[in-house]
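The values are calculated or read from the model by the stated rules, or taken from the named source; none is laboratory data. It should be emphasised that the depicted structure is a prediction, and the values quoted were computed from it without experimental measurement. Here the Cβ positions follow ideal geometry from the backbone for every residue, glycine too, while neighbour counts run over all protein chains shown. These accessible areas exclude ligands, DNA and RNA; they are computed on the full protein's heavy atoms, side chains included. Shrake-Rupley method; radii C 1.70, N 1.55, O 1.52, S 1.80 Å.
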Amino acid sequence: MMQQYWTIKDQYGDAILFYRMGDFYEMFFEDAEIASKILEITLTSRNKNDETPIPMCGVPFRAAKGYIARLIGQGLKVAICDQLEDPDVAKGLVKRDVVRVITPGMIIEDELLDEKTDNFVLALAKDHDDVGISYLDISTGVFRLTESKDVSTICEETLRIGPREIIISNMAQQDPSVSRLIDGLSEKAVTVVDEKAFSYHQGREYLLEQFKTRSLEGFGCEHLRAGIRSAGALLYYVRETQKQKIEHLSSLETYRLDTFLLVDETSCRNLELLGNLRTGSRQGSLLNTIDRTITAMGGRLFRRWLRYPLTDVDRIMLRLDAVEAARNNSHTRNAVRDCLKSVYDLERLGSKITMGHCNARDLVALKHSLQALPEIGSFLSQFDTPTMEWDGDIGMFHMLADLLERAIREDAPLTIQEGGLIKVGFSEELDELIAMSRDGKGWLAELEAREKKATGVNSLKVRYNKVFGYYIEAPKTHSDAMPAHYIRKQTLVNAERYITDELKSFESKVLSAEDRRATLEYDIFNRIKGEIVKTNPSIQKVAQFLARIDCLTALAEIADQNDYMRPEINTDGLILIEEGRHPVVEKMIAGERFVPNTIHLDNHENQVLIITGPNMAGKSTVLRQVALLVLMAQMGSFIPAARSSIGITDRIFTRVGALDNLSQGQSTFMVEMEETANILNNSTAKSLVIMDEIGRGTSTYDGMSIAWAVAEYLHDLKGVGVKTLFATHYHELTALSQTKTRVKNFNIAVREWNDQIIFLRKLVAGGTNRSYGIQVARLAGVPDPVILRSKKILSTIEETERGAGNLPLFADSRQDQPAGPVQIDLFRKPEGYMISELKKLDITQMTPLDALNYLSELQEKVRSDSN
């Protein structure tokens, strides 16, 4: 047995081998040591008396899914090694082999998956300068492909996809650019396979065979060699792990990255699209706020729409038309959504059935889903929009639903090989076997009554167990009264068990009927499953259609509930949002009304908005809400605004706060600068940039200088600039509007009252030179002595001429503090400026005329600063 184990284990060295022995999956050696710790189960040993006992542990066969889930959750693989023959009839050692390898990206079971999140496995390949990626969710059949020459773009796309597992070749692993990419995805499970799996010619053959086509032109990827390499390798990996052809992969979607609005991983996190910044959970995210989908497949599609907003005006308008139609007809919308509650996860149901991992309850769920289609179709016909019209043949679904209704029992068990699956009346042969089993129970009751009367023992019973079959049991005290034809089979403490020739004859007949019934039901179940597999491509299409309907009606629902309005879509670069609101914050604030704000951005007069104001006033909220509303509009959603016109945006960049990445040796300032560099290097005239408090991670003068230069660069970018919202505490940046024509100043209004501040949350034109830092500290709960002392120190600084000398020692904190807030002017430093400039001079290289000109410029500079 251990020789057999090692023969199999040698083929799956990177997986935990679940080796089936009777009712348990056993693990040995290092697998046992690893699994026992993760699963928190007892580590024991085999051959305990040997000098080197074999470490082992095991889990029950019927409870294996939960244990597998925990191992997969740790990024491990599990190879399922099953018994390939019945141990009762096998001669010698039972044949065993791996029937499936479960990896983080190769999961079918609902219990191991998040119903509203795709579970992608992704393959990456290079072909000269091109980098291709393909990815699929085996549980739904979604299969996509793209490629690019830019490794950083592919890295961003991989992060946006969020695969659970990544496949690369052993040769690609040695490529520096691929290594950098993989390093950036360190949290993902990475599987290395042989370079041969990434062969272009072999990969193309795999794809042609899978889709039964003569070329890949119909999928738009015939010319994408790197993409074909990755897709072929992915098919190879799927077949190797699943040990079968994957029939439900019936199509391949090829897409270009420039057809979607790109929000990189940093901006996705900063904008809290999928999870909040504090814990990463859905609570407090945009997805959690606006996702009103009902079905699991609708939830997954909605998430994709949120991560892949459109850039094609016509496609956006079609979605908006459909959302408007559903919003304006609330009665029909509610009826459709009620019907969708009866629809199960058709995508994953179809995949499970096709791959042979289903049970009878999955077929019942499919039946209920198909039965809902006619009613959904009749309601959708009331919407006057082509986006909500089903153009397929609904007749086949009616016939399939009728077959399932006649055949499959609602109360069918989870197992499929022990009977109880098929309804009475579906098969005459099966009905005869069922009747035989049913009549047998009556015969047993009659036999028990007859034997009680014959023996005079009222406590006599006729029973069954798997060891003895049918038997008669009577108390020991009545053993003398048992007839001579009773054959004793077992003696218990208080009872004796007997068999008779009549009972054994009956047992043979009944058990034979039970076995034949279970076998026949299993055969009928498989025939019905075969019919479903034939129609699975159509089931997948209707699943995608219903997911789209779910998303559109969900967007209409959230718009109706929250007074969202339809945005206009333009191509001239204008972003106008009147009385806009933050979709998440307005739902989370308590005790006050959300204050809406108006934003006007364009490429001619209002391209860079410098926004000043104190902390807690709402600058970050305004910045984020603009980005979110642009994104929502391009995904086809109504937005929380009185009126809006949204120009097509190709990328949204954000530089909002930063956290130390100490594990990689990166400080807050380094992270901040890397994110800023990414923005400056990749923005285009069609991008939207959100910059919030850049430069805070370094000294005041360095930070202000960097912020100033970045704002200038964004204004001048490639001669046309980029639409930017630039929030800052450096009030000196408001001077940019005097030299840069497309810079405008705004501030978040506040009011002072008795040395207190009141946040008005309103964005108004003009800059401000006040930070109100001390007042904000008081609002945050900083103790009064600290507040009083800080005001004294600030007053002293403000009154001190700051030049080359050091700041004076501050007076004792017990002295009276001055009244009123003050603010440091960072530019009030003429002496320091002159000294700094004079130190730079090389007078040995200057002519007298040069020196006079320079002195004149220096004098003019000092005069302007003093003014």
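For the range 478-488, check the following and say yes or no: at least one residue is open to solvent by less than 40 Å² (accessible area, probe 1.4 Å) and either among the charged types (D, E, K, R) or assigned to a strand (DSSP E or B) (or both).
No: the range 478-488 contains no residue that is open to solvent by less than 40 Å² (accessible area, probe 1.4 Å) and either among the charged types (D, E, K, R) or assigned to a strand (DSSP E or B) (or both).
Please work out which one of (1) under 24 Å from Leu629 (Cβ atoms); (2) free of Cβ contacts under 8 Å to residues at least 12 places away in the same chain is the condition Thr279 fails and give its number.
Failed condition: (1).
Within the range 87-103, how many residues turn out to be over 21 Å from Ala189 (Cβ atoms) and part of a loop (DSSP other than H, G, I, E, B)?
Qualifying residue count, the range 87-103: 9.
Looking only at the range 111-118, decide whether some residue is open to solvent by 10 Å² or more (accessible area, probe 1.4 Å), out of contact with any strand residue (DSSP E or B) (no Cβ under 9 Å at 6 or more places or on another chain) and polar (S, T, N, Q).
Within the range 111-118, one or more residues are open to solvent by 10 Å² or more (accessible area, probe 1.4 Å), out of contact with any strand residue (DSSP E or B) (no Cβ under 9 Å at 6 or more places or on another chain) and polar (S, T, N, Q).
What number of residues within the range 187-202 are free of Cβ contacts under 8 Å to residues at least 40 places away in the same chain and not polar (S, T, N, Q)?
8
Considering only the range 277-306, state which residues are open to solvent by 20 Å² or more (accessible area, probe 1.4 Å), modelled with pLDDT of 95 or more and in a loop (DSSP other than H, G, I, E, B).
Arg292, Ile294
The conditions are (1) open to solvent by 60 Å² or more (accessible area, probe 1.4 Å); (2) touching a residue at least 12 places away in the same chain (Cβ under 8 Å); (3) part of a helix (DSSP H, G or I), and Glu410 fails exactly one of them. Which is it?
(3)
Report, by residue number, each residue of the range 104-141 that is over 15 Å from the mean Cα position of the chain (by Cα) and part of a helix (DSSP H, G or I).
Asp110, Glu111 - these are the residues of the range 104-141 that are over 15 Å from the mean Cα position of the chain (by Cα) and part of a helix (DSSP H, G or I).
Please go through the range 258-276 and pick out each residue that is touching a residue at least 60 places away in the same chain (Cβ under 8 Å) and surrounded by fewer than 17 Cβ atoms within 10 Å (Cβ to Cβ).
Those that are touching a residue at least 60 places away in the same chain (Cβ under 8 Å) and surrounded by fewer than 17 Cβ atoms within 10 Å (Cβ to Cβ): Asp258, Glu265.
Checking the structure you have, find out if any residue of the range 417-431 is over 30 Å from Val323 (Cβ atoms), surrounded by 22 or more Cβ atoms within 10 Å (Cβ to Cβ) and at pLDDT below 90.
Yes, that holds for at least one residue.
Any chance you could count how many residues in the range 395-430 are among the small types (Gly, Ala, Ser) and within 13 Å of Leu363 (Cα to Cα)?
3
Restricting to the range 670-696, count the residues that are assigned to a helix (DSSP H, G or I) and either hydroxyl-bearing (Ser, Thr, Tyr) or buried (at least 18 other Cβ atoms within 10 Å of the Cβ) (or both).
Residues that pass the stated criteria total 6.
Just checking, does the range 383-400 include any residue being among the hydrophobic types (A, V, I, L, M, F, W, C), at pLDDT 90 or above and open to solvent by 70 Å² or more (accessible area, probe 1.4 Å)?
Yes, because at least one residue in the range 383-400 is among the hydrophobic types (A, V, I, L, M, F, W, C), at pLDDT 90 or above and open to solvent by 70 Å² or more (accessible area, probe 1.4 Å).
Select from the range 445-463 the residues that are touching a residue at least 24 places away in the same chain (Cβ under 8 Å) and not in a helix (DSSP H, G or I) and list them in ascending order.
Scanning the range 445-463 gives Gly456, Val457, Val462.
Tell me which residues, restricted to the range 489-518, are outside any loop (DSSP other than H, G, I, E, B) and either of a type in the set (A, V, I, L, M) or at positive phi (or both).
Selection gives Ala495, Ile499, Leu503, Val510, Leu511, Ala513, Ala518.
Do any residues in the range 551-567 that are open to solvent by 30 Å² or more (accessible area, probe 1.4 Å) have Cβ atoms under 7 Å from those of residues that are in a helix (DSSP H, G or I) and acidic (Asp, Glu), where the two are at least six apart or on different chains, and which pairs are they?
If the second residue must be in a helix (DSSP H, G or I) and acidic (Asp, Glu), the pairs left are Arg566/Glu324.
Here is a yes/no grid of residues against (1) in contact with a Pro (Cβ under 7 Å, 6 or more places away or on another chain); (2) at pLDDT below 95; (3) more than 30 Å from Ile394 (Cβ to Cβ):
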residue: Pro537; (1), (2), (3): no, yes, no
residue: Thr553; (1), (2), (3): no, no, no
residue: Ile558; (1), (2), (3): no, no, no
residue: Glu568; (1), (2), (3): no, no, yes
residue: Ile589; (1), (2), (3): no, yes, yes
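If I ask for residues that are within 22 Å of Tyr200 (Cα to Cα) and of a type in the set (A, V, I, L, M, F, W, C), which ones from the range 156-172 would you list?
Ile166, Ile167, Ile168, Met171, Ala172
Can you confirm whether the range 432-442 contains a residue that is under 30 Å from Val542 (Cα atoms), open to solvent by 40 Å² or more (accessible area, probe 1.4 Å), in a helix (DSSP H, G or I) and not acidic (Asp, Glu)?
No.
Return only the number of the condition from (1) modelled with pLDDT of 90 or more; (2) open to solvent by less than 10 Å² (accessible area, probe 1.4 Å) that Ala513 does not satisfy.
Single failed check for Ala513: (1).
Do we have any residue at all in the range 340-353 that's of a type in the set (Ser, Thr, Tyr), over 21 Å from Ser251 (Cβ atoms) and open to solvent by 30 Å² or more (accessible area, probe 1.4 Å)?
yes
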